[in-house]
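So the structure is just underneath, and the comments pick up after that.
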Amino acid sequence: MTKRLLLTISALFLGFASSILYAEKNDNLIEQFETAEIYFEQNSTDGDAEIVIKAKAGDEGMSKFMVVAPDGRVVVDFKAPDQSTMGIRQFLFESPEPKKIKAIKKAYPEGIYKFSGTTTDGKEYKSEAVLSHVLLPMVKLHHPVDEAEDISTTGLHIKWASVEGAEAYLIEVESDDSDAKVEAHLLDSETSFYVPEKFLNSDTEYKIVIGAVSSMGNLNFAETTFTTAKE
């Protein structure tokens, strides 16, 4: 083997080793998002469905943020218009809610979504999140029943049947006549929730939202109403 050939091989090896070290160094500089979520949400009462995307890098503002779908399409592409804005620290995107669920599933196919972003000080973030279209069954309320009337204002126990496979339950109680709202995220073992007496007003219609959250973060919820008794 000639001296020139040995030198060429050595140069190639050193170049290859340098490339590996450079790549490893760059990978070490890229951090994971604190929050990177994409999930499917359906209102079984109205038949609406949407895709929700959440992202948070940390305490720094992001000047660039992108989400790429499994088929290579860019579904989110954010750029701060100017560094003086300090970027955005946290993102929440909600898709439209078409009546045809097939349309939203086609627009956002199942699979791995790639999150990437850059902070205003140049720090890079990358993460992946998996989207599934699988939903748990709708939660069945035992109490109150749909459009129940004359519910006591001395407190209300909401009761429901457990849903197999649920990781958690979401409960919301609110009224159009008040800005007050009760919201709770409960463990999968819970099948009841107490709304305190001080929250309920007499002769008022309230809406209950109750949903089951799957292991993939997907939410299938239903809505019902009840009316409290007159004084």
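Nothing in this text is a laboratory measurement; each read-out follows from the coordinates by a stated rule. All values derive from a computational prediction rather than experimental measurement. Glycine also receives a Cβ, built like all others from the backbone with ideal geometry; neighbour counts cover every protein chain displayed.
Quick notes on this one:
- Given charges at Cβ of Lys, Arg, Asp, Glu: the range 70-132 dipole, positive-most of Ile88, Ile104, Gly72: Ile104
- Candidates Leu186, Ile210, Ile158 compared by Cα position along the dipole of the range 141-228: farthest toward the positive end lies Leu186, with charges placed on Cβ.
- Computed about its Cα centre, the charge dipole of the chain is approximately 1860 debye, with only Lys, Arg, Asp and Glu carrying charge at their Cβ.
- Within the set (1) 25.3, 103; (2) 17.3, 60; (3) 17.2, 55, the number that Rg and Dmax of the Cα atoms in Å takes when calculated for this structure is listed as (1).
- Within-12-Å neighbourhood charge of Asp203 [Cβ basis; K, R +1; D, E -1]: -4
- Helix 3-29 vs. the chain, principal-axis angle (Cα, 0 to 90°, nearest 10): 20 degrees
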